[in-house]
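The values are calculated or read from the model by the stated rules, or taken from the named source; none is laboratory data. Nothing here was measured: the structure is a model prediction, and the numbers come from that model. Cβ placement follows ideal geometry from the backbone for every residue including glycine, while neighbour counts extend to all protein chains displayed. Note: accessible area is taken over every heavy atom of the protein model, side chains too, but ligands, DNA and RNA are not part of it. Shrake-Rupley method; radii C 1.70, N 1.55, O 1.52, S 1.80 Å.
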Amino acid sequence: MRALFRHAIFRNTSVLIGGGILLLLLIIALLAPVLSQFDPGQIAPRFRLKPPSGEFLMGTDMLGRDVWTRVLHGAQVSLLVSACVAAIAISIGLTIGLVAGYIRWLDGPVMRAMDGLMAIPGILLAIALVSLSGATLVTVIVAIVIPEIPRVARLVRGVVLSIREEPYVEAAIGLGTPTPKILIQHILPNTIAPLIVQGTYICASAILVEAILSFLGAGLPPEIPTWGNIIAEGRGVFQRAPWIILFPGGFLACTILAVNILGDGLRDTLDPRMKKRLGA
Amino acid sequence: MLRLILSRLVAAIPVMGVVAIFVFLLLRLSPGDPAAILAGDAATPEMIAAIRADLGLDRPIWEQFITWAGQLAQGDLGKSVLSKQPVAHMIGQRIEPTISLALTTLLFAVIVAVPIGIIAAWKQGGWIDRGIMALSVVGFSIPVFVLGYILIYFFSMKLDIFPVQGFASLSEGLLPFLERIALPTLTLSFIYIALFARITRAAMLEVLGEDYIRTAHAKGLNESTVLVRHALRNAAVPIVSVIGIGFALLIGGVVITETVFNIPGVGRLVVEAVLARDYPIIQGVILLFSGVYVLINLAIDVAYVLLDPRIRY
Amino acid sequence: MRPRHFRQLVSVIGLSIGLGLLAGAATEAVAQDKKVLRFIPHAGLRITDPILTTAFMSRNHGYMIYDTLFAVDDKMQVKPQMVEKYEVSGDKLTYTFTLRAGQKFHDGAPVTSADVIASLARWGKNDTMGQKLFSYTKEWKEVDANTFQLVLKEPYGLVLDSLGKPSSNVPFIMPKRMADTPANQNVPDEIGSGPYRFVKAEFQPGVKVVYEKNPDYKPRSEPPSFTSGGKVVKVDRVEWTSISDPQTAMNALIKGEVDIWEQPAFDLLPELKKQKDIEIRNLQPLGMNYMLRMNWLQPPLDNVKVRQAILHAIQQEDYLAAQVGDPDYYKVCGAIFGCSTPLKTEEGAVGIKKADVAKAKKMLAESGYKGEKIVIMAPTDLNSINQLPLVSAPLLRAIGMNIEVQSMDWQTLVGRRAKTDPIDQGGWHIFHTAWGTADMMNPITNAGVKGLGKVGGFFGWTEDAVIEKLRDDYARETDPAKQKAIATAVQKRLYEMVHYIPLGEYFQPSAVRKNIKGTLPSPAFVLWNIEKN
């Protein structure tokens, strides 16, 4: 009983800690123009590669740009990319999954297409999409979204397949309830818990994938600073000026950590099976 | 079993078809022109046009697709636009480092992660559990290339234990092979250790709550026997499935590690091909990757049946 | 439990012994190794045909396995290389060349006049100077196996300069069967008569190229100087391994896993200089030049006044400081044919040293510019030039231009700059690039001064009859003093019309381990004469 109690606290603190850190990061990102007086794109060759100091809190990069300023502005873009990717991937994946799971004749073809998409390595697909259609915020988001869609769709379809056999759904079908109503009233609510958990993981992986794209030269251009492209630009001078990588890297790690903690906490509280087991 | 395998292989054909068409269209509809790349900096428009015609890039897309699909049906992946080498030959040259790295990473990750996951589940909620899980979350949070640089800095530059870069084939001897692949493996396996440990922990927790485990305890069997003989065996299905998916991800995901450690693998081959618009290579490698993915999924299904006789297809 | 522990112990011991044996075998293998020179080139070699492409990687590869008829020394004087002797007729219309005796291709076949003529014919289709030479050529005549003649339609001043040109496309000599390949296709083989042989079995495009010493090569007796003189090979094998990550390349060099790094990143030079085993050597004394190129077909850049406003808005030092950083490795330079070449002159070079915002603004206002969007293409993945567009953008915004920087990878840029379309259909206004001085040291070879427009011009399609006339005059002129006067006139015209904006000269040093002796300065990176101790 005591172990159970302790576990419950731990769960809640997970949500609390994760959510708290994320909120803090969000506030910092939004306050970027207040927290730094520099322009993130301002080039000053005279101040290249200066170590952290009172003037440049996190030092400067190869072009003499202030790393602190870029990290702050980068937070806006990185968090935006991550949130957008999660939101879009989940809405599209959810729609596809619901349709495929519920409408039987569509299941085969839709899921084969999803399998095909899933069979292409996500990173490669994203690189191809970005380098082929140009590195803008929109293309980068689309490129990270596409490989995530089949995963969400599969998850949702799985839930739908198991729910639709439940007696109350069969009863609703028997009563002649229209399909959209069944989908929205009975099936959709059951997908929410796993989707929220999935969503947090997508958030985390989106930030990392964006960093990887920048590393490979297929990320956002330097005028739009993101943690990913700050790190990628600084990688060539890692041993000489490690601060260019370590500060945004630290922020990146903190964010992913927070998102993961939040996701774990949510899973433990939301997953009904988990609840059942703990209650038993 | 044979029927399962056959039916799965047949089902793979439309999947591969989807991949082939998707990739082909994606490439042809995009900007960038291999002819311009081939011709270089001082090229004149006439020269670029001549090269385009020579490569067949001036013909309609559907015609190009039919040509390619026809070659493909005969098992011919075509030739690289830039180097004129057969794509199959180029993949052959570059596949060994990638497979080696993927396998060593997988092996190392499983060896480390499964015990960690078991211990975490066994001492669930204890400080070991939390410590291990926190560490595994850290594993998710560090970009692979940052980790690679840090490891090179300490293990190669400061401690002088491993070489910085390069790949040695197993045929050159076990020691040179291990020496070169150790750091890349360590770098790449970090995130997989995190992933596998979490899945093992979750699967074990599920199983540990079952009645037969209690029965086993009641019979007075010692802790390790219960954990390994009874629990792990039943928890194996989800673990195997994640390892399989992990392998598929690895094959596509080694590209960063290959770049940092200068390993001449397939990942770099395809990324460089994308940047140079070398269409036949991109098409060939992505088809290969998706083929591997399909085969691994098949292998997972077979493993399911072997591991858990209750599962039927 | 005990037996199991014992079994583990036994297997651990067994494994260690096995590993020990393997280690011993490995060291033995190394001891028998030949002298191998390990080199990190600036990119991966993919196209092995130096006539098909102007890429420097392909050019450097060409110097390994092919030889040339003529070559240049460190004063840029043309010297015979494969040619034993040559004669020019009194009317300057007939050149008779005799090949050195005993030259052989790597497949054992002798080098003959037929091979030379076929090779030059293919080169003449693709190379800028080759095309010019062939437009003055009546015919190439085979006299005998070792002797051939060039007959001109009218006297041409640059015959030897063309045949001895040190940089892309270099007129390398191949066997006739290879040279008969159409000029827009890759040659099927890698067979030359040069100091190294290509090891085809070990070639991995983009990753690794292996060469071995050509035992049949007979070097000239003169000492090596730039691309001329005796090409003596003092190692058994050369391995090119491209390492795309600069950090990894640096660490590999420091640890001695490689011997030479052709183009270390400028930002890493201070780190490399701290190493006691490594030297920084400037092996390309002619340097490189950055260039801002405009699209003359694209309004408002079709208006010369707008282009002049841009010229006065920029200052070279900003670009050089951002891209290179250390002033030891760059030079503010307005001479469009290079700052250390025979045609060097600062005449007419205006506007580039110090930005004059007021003047540029005034010029822009007078031009009738109405805030049209200017698209600058910026390559994100090409570290050697990726900062240049980021410097241009604020400079041009400062004079009130509406600038849009569009990021893309270099190959997209290469594909897109070939498009003459309007902006909304994928066109462009400005791109930046870099050229080796060796590729721009006279009005014929410098692609940026061509005035041919859409037919045969360089991207940007500068159409200018005046400059074309001057280039023709230069080609006909045989007196060096008069040649220089014409070149100066070309430079003045270039600045007047703003064909392109020179952004300064820089020097790309190489990082070499100290046990490597005999590295040669040259306009192209050459790997003969090098000793490894």
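Checking every one of the GluC sites (Glu not before Pro) in the stretch A:119-201 against DSSP loop status and a limit of 12 other Cβ atoms within 10 Å picks out A:GLU165. Taking Rh as the Kirkwood radius computed over C-alpha pairs, what is the Stokes-Einstein D of the stretch A:34-83 at 25 °C in a medium of viscosity 0.890 mPa s, expressed in µm² per second? Calculated translational D: 222 µm²/s. From the alpha carbon centroid of the stretch C:139-159 to that of the stretch C:458-533 is 26 Å.
Taking amide H as placed 1.01 Å from N in the peptide plane, the amide H of C:LYS141 sits under 5 Å from that of C:GLN149, C:LEU150, C:VAL151, each at least 5 places away or on another chain. Look at the stretch A:211-222: the mean tally of other chain Cβ atoms within 10 Å of its residues' Cβ atoms is 6.
Packing order of peptides B:63-72, C:482-491, highest average first: C:482-491, B:63-72 (average count of other Cβ atoms within 10 Å over each peptide's residues). The fraction of Cα-Cα pairs per 5 angstrom bin, counted from 0 for the stretch C:337-419, comes to 3, 12, 16, 16, 16, 18, 15, 3, 0 percent, rounded to whole percents.
Count the net charge of all other residues whose Cβ sits under 15 Å from the Cβ of C:ALA145, scoring Lys and Arg as +1 and Asp and Glu as -1. Its environment carries a net charge of 0. Share of carbon and sulfur in the accessible area of the stretch C:269-339 stands at 47%, probe radius 1.4 Å.
Taking every pair of Cα atoms in the stretch C:192-235, average 1/r, invert it to obtain the Kirkwood radius, and report Rg/Rh to two decimals. Present the calculation step by step, with values, prior to reporting the outcome.
Values: Rg = 12.4 Å, Rh = 11.8 Å.
Rounded to two decimals, Rg over Rh is 1.06.
Global size of the protein assembly as shown: 32.2, 113 Å for Rg and Dmax (C-alpha atoms, Rg to one decimal, Dmax whole). Normalised by 2.2 N^0.38 Å, where N is the number of residues, the alpha-carbon radius of gyration of chain C equals 1.08.
Ignoring aspartates and glutamates fewer than eight residues from C:LYS138 along the same chain, the ones with Cα atoms less than 14 angstrom from its Cα are C:GLU154. Convex hull of alpha carbon positions in chain B: directionally averaged projected area 21.1 nm². Close amide H contacts of C:ASN529 (hydrogens built in the peptide plane, cut-off under 5 Å, sequence separation of 5 or more or a different chain): C:VAL232, C:VAL233, C:LYS234. Taking 4.7 Å between beta carbons as the limit, the unpaired Cys residues of the protein assembly as shown are A:CYS84, A:CYS203, A:CYS254. In order along the stretch C:294-301, the phi-based Karplus estimate (6.51 cos²θ - 1.76 cosθ + 1.60, θ = phi - 60°) of 3J(HN,Hα) comes to 10, 9, 5, 7, 9, x, x, 6 Hz; Gly and Pro are listed as x. One compactness figure for the stretch B:108-169 is 1.47, namely its Cα radius of gyration divided by 2.2 N^0.38 Å.
Straight-line reach from C:LYS362: taking Cα to Cα under 19 Å and skipping same-chain neighbours fewer than 8 places apart, the aspartates and glutamates in range are C:ASP302, C:GLU372, C:GLU496. Beyond a 30 Å Cα-Cα separation, which of these cross-linked pairs lie in this structure: C:LYS234/C:LYS450; C:LYS234/C:LYS276; B:LYS84/C:LYS79? Checking Cα-Cα distances, C:LYS234/C:LYS450; B:LYS84/C:LYS79 exceed 30 Å. For the stretch C:67-179, taking Cα atoms only, Rg and Dmax work out to 13.1, 39 Å respectively.
The mean number of Cβ atoms from other chains found within 10 Å of a Cβ in peptide A:125-131 is 6, as a whole number. Taking amide H positions as modeled 1.01 Å from N, with prolines and chain starts lacking one, the residues under 5 Å from C:GLY504 and 5 or more places away or on another chain are C:TYR290, C:CYS333. Here the 3J(HN,Hα) profile of the stretch C:147-152, calculated from phi with Karplus coefficients 6.51, -1.76 and 1.60 at θ = phi - 60°, is 10, 8, 10, 10, 10, 9 Hz, Gly and Pro shown as x. Once the mean of 1/r is taken over each pair of separate Cα atoms and inverted, the stretch C:288-506 shows a Kirkwood hydrodynamic radius of 17.4 Å. Each residue of the stretch A:75-82 was assigned a 3J(HN,Hα) from its phi angle through the Karplus curve 6.51 cos²θ - 1.76 cosθ + 1.60 (θ = phi - 60°); the sequence is 4, 4, 5, 4, 5, 5, 4, 5 Hz, with glycine and proline shown as x. Here the stretch C:306-345 and the stretch A:29-62 have alpha carbon centers that stand 28 Å from each other. Count Lys and Arg as plus one, Asp and Glu as minus one, and take only other residues whose Cβ is under 12 Å from that of C:TYR330; the net charge is then -4.
The translational diffusion coefficient of the stretch A:110-169, from Stokes-Einstein at 10 °C and 1.306 mPa s with a Kirkwood hydrodynamic radius over alpha carbon pairs, comes to 122 µm²/s. Across all Cα atoms of the stretch C:398-488, the radius of gyration (one decimal) and Dmax (whole number) stand at 16.4, 49 Å. Placing unit charges on each Cβ (+1 for Lys and Arg, -1 for Asp and Glu) gives chain C a dipole about its Cα centre, and among C:ALA447, C:LEU382, C:ALA489 the Cα reaching farthest toward its positive end belongs to C:LEU382. In the structure shown, the pairs C:LYS75/C:LYS344; C:LYS85/C:LYS125; C:LYS92/C:LYS344; C:LYS305/C:LYS361; C:LYS35/C:LYS514 are assessed against 23 Å; a Cα-Cα span above that value is assigned to C:LYS85/C:LYS125; C:LYS92/C:LYS344. Annotation for the stretch B:222-311: trypsin sites (Lys or Arg not before Pro) lying in DSSP loop with at most 14 further Cβ atoms inside 10 Å of their Cβ are B:ARG310.
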